[in-house]
Amino acid sequence: MDKFYIYKLARQAEKTNYNFVDVQLDKAPDKGAIYYGLTQNPQKRLSQHRPIKGHDVSMCVIAEFDSVWFALEHEAKIIADHVRTYGKAPEMQGKANSGVKATPKGGGQQ
């Protein structure tokens with residue numbers, strides 16, 4: 001059965017290993033998170049993020065789902081909770097293919 005993982009990216013003090021993916025279920029929102037995302041292959045996804053977001057970026061899996069629909073719902077809720085809690089979207093959110101530019105208020109927050 002396919003699994004879908006929600007993850008957060010965070011900056012580290014030093015360059016991180018391409019293969020390092022941590023697991024901390026339910027640790028979100030997190031002030032140190034620079035991005036939240038969805039993947040089926042955490043290690044491959046981290047290697048895709050690093051050239052764009054920096055070699056000091058680490059990944060932490062924060063939730064696991066059997067259904068892509070529930071995973072998408074959870075990802076959106078974590079991002080919304082981050083904006084509510086910290087007053088802005090994560091630093092790199094919206095720089096992917098979301099279609100929303102990252103802004104100080106989280107992409108047009110109402």
Exercise for the section: Please indicate, with yes or no, whether at least one residue in region 96-105 is assigned to a loop (DSSP other than H, G, I, E, B), touching a Phe, Trp or Tyr at 6+ places or on another chain (Cβ under 8 Å) and modelled with pLDDT under 90. Expected result: yes
Handout entry: Residues of region 64-89 classified as small (G, A, S), crowded, with 20+ Cβ neighbours inside 10 Å and closer than 12 Å to A28 by Cα, total
Key = 0
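Name the single residue that is nearest to the chain's Cα centre (by Cα) among those in region 53-69 being assigned to a helix (DSSP H, G or I) and either closer than 25 Å to A13 by Cβ or touching a residue at least 60 places away in the same chain (Cβ under 8 Å) (or both).
Here the residue is K53.
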Exercise for the section: Consider D22 carefully, then state whether it is within 24 Å of T85 (Cβ to Cβ), modelled with pLDDT under 70 and part of a strand (DSSP E or B). Expected result: yes
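The values are calculated or read from the model by the stated rules, or taken from the named source; none is laboratory data. No experiment lies behind these values; they were computed from the predicted model shown. Here Cβ is always computed from backbone atoms with ideal geometry, including for glycine, and neighbour counts include all displayed protein chains.
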